[in-house]
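The values are calculated or read from the model by the stated rules, or taken from the named source; none is laboratory data. Because the structure is a prediction, the values reported are computed rather than measured. Positions of Cβ are generated from backbone atoms using ideal geometry, with glycine treated the same way; all protein chains shown enter the neighbour counts.
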Amino acid sequence: MMRFGDFHTHTVNSDGANTIKEMADTAVELGFYALGITNHAPMPTSGGFYNRQEWLLEIVREVEELRPQYEGKLELFAGIELDINTELDVSPLDYIIEANHFPIAPDGATCVVDWGVDNVHKAVNEHFGGDIYAFIARYFEELSRAGDRGPATVGHFDLINIYNEDDCLFSTKDKRYIDAAFGAIDVLSKKDVIFEINTGALYRGQRTQPYPALPLLKYMKELGCRIILDSDSHSTDMLRGHRMLDALEHAKNAGYKESEIEKYPLLRKK
């Protein structure tokens, strides 16, 4: 049976519920071979609990101090979930996950993707003239910049669908959606990036399949894109309910073989 690593997790240092050590102990309990800590970087309109530069260095130091305790049991890494519109010195980190939670509208306003469906409607109506496909296009256009800062994991590629189960907000079969999503994959496939299969919305009951949706994942496979499995856990309970077997099945349904799933994220050269 496949052993799992998890390289997208959050702790009390941002919006998680548990400490780094508690998450690491749980990963050992689960038989994981590796754990990556990826608290959020500062984001537009985010609260003070997100990682500023000085906090980031404290997390790196804590991970380095904890590593000897897990020697031979668990590899521990210090990463970050870095929003595409956030600038931060990431040189101390082992790797980065790039994501887009806050697209910037043409008028300069900061919009929100995953803070409730009302905020999506507000962004669309106030800053995109009521055109949800224009909002989607902006989201994917910005996310296609992932990898420009160096090797990266692309986090929850189609997060824009978080409230769109059964296409209740917009049609994922609409040409405008397909052109935006597939266009971003075209751009990203030429960079040194890995796409994650992210099970976070499964655990929360928001989605019935992981990110990215199967048609997108199949297109990634066609283009030879690399993938990795992540849970996006924000607590030890969520880590225990990681749904990695669902992610593995999702990958296989897209045509990936188990041997093609990356075991580690793209590490940065220090």
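Among the numbered conditions (1) among the aliphatic types (A, V, I, L, M); (2) at pLDDT 95 or above; (3) surrounded by 21 or more Cβ atoms within 10 Å (Cβ to Cβ), tell me where residue 201 comes up short.
(2)
Considering only segment 204-258, state which residues are among the β-branched types (Val, Ile, Thr) and either in contact with a helix residue (DSSP H, G or I) (Cβ under 6 Å, 6 or more places away or on another chain) or surrounded by 20 or more Cβ atoms within 10 Å (Cβ to Cβ) (or both).
227, 228, 236
Determine the pairs where a residue that is closer than 9 Å to residue 162 by Cβ, located within segment 194-206, has a partner that is in a strand (DSSP E or B) with Cβ atoms under 8 Å apart, the partner being 6 or more residues away or on another chain.
201/211
Is there any pair with a first residue in segment 162-185 that is within 15 Å of residue 116 (Cα to Cα) and of a type in the set (A, V, I, L, M, F, W, C) and a second that is at pLDDT 95 or above and part of a helix (DSSP H, G or I) whose Cβ atoms are under 7 Å apart and which are 6 or more apart or on different chains, and what are they?
Partner pairs satisfying both residue conditions: 169/132.
Anything in segment 90-112 that is buried (at least 23 other Cβ atoms within 10 Å of the Cβ) and part of a strand (DSSP E or B)? List them, or say none.
Hits for segment 90-112 are 96, 97, 98, 99.
Scan segment 238-260 residue by residue and report those that are touching a residue at least 40 places away in the same chain (Cβ under 8 Å), closer than 19 Å to residue 8 by Cα and not in a loop (DSSP other than H, G, I, E, B).
239, 240, 244, 246, 247, 248, 250, 251
Restricted to segment 154-197, and to residues that are of a type in the set (A, V, I, L, M, F, W, C) and farther than 19 Å from residue 221 by Cβ, which residue is nearest to the chain's Cα centre (by Cα)?
This residue is 159.
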